[in-house]
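Derivation of every value follows stated rules applied to the coordinates shown; laboratory data play no part. None of these values were measured; they are calculated from a predicted model. A quick note on method: Cβ atoms are made from the backbone with ideal geometry, for glycine too, and the neighbour counts reach across all protein chains shown.
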Amino acid sequence: MYKIIKKERLHDTIYSMWIEAPDVASSVQPGQFIILMIQEKGERIPLTVADFDREKGLIRIVFQIVGKTSEELSTLKEGDKLYSFIGPLGKKTEIALYGKVITIGGGTGIACIHTIARALKEVGNEVISIIGARTKDLIIMEEEIKKASSKLIVTTDDGSYGRKGFVTQVLKEILDKDQSIKKVWTIGPAIMMKVTCETTKPYSVETIVSLNSVMVDGTGMCGSCRVTINGETKFVCTDGPEFDGQLVEWSEFANRLTRYQEQEQKSWGIYHKPTHTCRYGKETE
Ligand code: FES
């Protein structure tokens, strides 16, 4: 069983948890993910590792409430235990000395970019990070990303904090001025990653995306996470999660992300079914 050592609320709907998982912490690398289950019959949630502490055997996860299981996860307390916590899964980020690189995080993708930016900086790259969200409250892990980068630029769609606008506008400004950018990593909503790739294409800068497909087993057996890359079928869980963004079939990817929407809404409705007090004073559904 995997104990929740520390829990923090980063925003109304975003939580950070440090989980005791020494087997995962001993071998995890930037870019990899875990799949957790709250209980034996529960849903499996894939989450990119936001941080790790090998000495203490801890893994940090950051998640947003988007449905029934993530909401249930948010109700757990420090000391509670998860039924399973499998990982590290997926391929690690290709960390090498490239020179000047850009890492971009949007929404909870900010947490996912953290270990990648840090590792790139540790090997000597100049790392410019751009993080963005709709509004100020949704900017998470700013201090950690700042420390992991050579330079940090924050954007908000509504201008409530940092630069007003999208991360891709800042990216374009940098690419216009600086021809020495060697590679870009981007993690966030599908539309943000797609627009990032469209932005970098005219400059021929390699752009790596981390895809967050719907997963079931996480081991390449079920096919749930399949995507088309350069005309070929790939599994995000075993071939990814990182791919060359210019080769992703984005419309198919976006469609597949919503294919369980009906079931998700049904499950959410059942979870939120109002409870009432019966005439014997006992809480019942
Ligand atoms: S999650 Fe089943 S094949 Fe990837």
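Name the residue farthest towards the positive end of the dipole of the chain from the options TRP185, GLY99, VAL167, assuming +1 on Cβ of Lys and Arg, -1 on Cβ of Asp and Glu, about the Cα centre.
Farthest along the dipole direction, towards plus: VAL167.
Only Lys, Arg, Asp and Glu count, each charged at its Cβ (+1, +1, -1, -1), so figure out the dipole size of the stretch 2-89 about its Cα centre, rounded to 20 debye.
Details: 12 positive and 13 negative charges, 11 e Å.
With Lys and Arg at +1 and Asp and Glu at -1, about 60 debye.
So what is the calculated 222 nm ellipticity per residue for the chain, using -39500 (n - 2.57) for each DSSP H run with n of 4 or more, over all residues, to the nearest 500 deg cm²/dmol?
-7500 deg cm²/dmol
Work out, step by step, the length gained on full extension between LYS91 and LYS164: first 0.36 nm times the residue separation, then minus their alpha carbon distance; give nm to one decimal.
22.8 nm
Regarding the stretch 79-232, what is the average projected area of its C-alpha convex hull, in nm²?
Projected area, direction-averaged: 11.0 nm².
Restricting to Cα pairs below 8 Å that are 6+ residues apart, what does the relative contact order work out to for the chain? Please round to a whole percent.
Working: 604 pairs, mean separation 41.6, N = 285.
Computed over the chain, the figure is 15 percent.
Lys/Arg Cβ at +1, Asp/Glu Cβ at -1, dipole of the stretch 42-193 taken about the Cα centre: which of GLY90, LEU73, LEU58 is farthest positive-ward?
Farthest along the dipole direction, towards plus: GLY90.
Please tell me which of these pairs span more than 31 angstrom C-alpha to C-alpha: LYS91/LYS201; LYS7/LYS146; LYS56/LYS151; LYS151/LYS234; LYS56/LYS121?
Pairs exceeding the cut-off: LYS151/LYS234.
Going by Cα centres, the stretch 59-109 and the stretch 176-228 are how many Å apart?
Here the two parts' Cα centres lie 17 Å apart.
Please compute, for the alpha-carbon atoms of the stretch 1-150, the extent along each of the three principal axes and give them in descending order in Å.
46, 35, 22
If the viscosity is 1.567 mPa s and the temperature 4 °C, what Stokes-Einstein diffusion coefficient in µm²/s follows for the stretch 2-89 when Rh is the Kirkwood radius over Cα pairs?
The diffusion coefficient I find is 102 µm²/s.
Which order do peptides 117-130, 67-80, 242-255 fall in by mean Cβ count within 10 Å, highest first? All intermediate terms of the calculation are to be shown ahead of the outcome.
Values: 117-130: 20.8, 67-80: 15.3, 242-255: 16.9.
So the peptides 117-130, 67-80, 242-255, ranked by packing, come out 117-130, 242-255, 67-80.
Binning at 10 angstrom from zero up to the longest distance, how are the C-alpha pair distances of the chain distributed in percent?
For the chain, the pair-distance distribution reads 6, 27, 36, 22, 6, 2, 1, 0.
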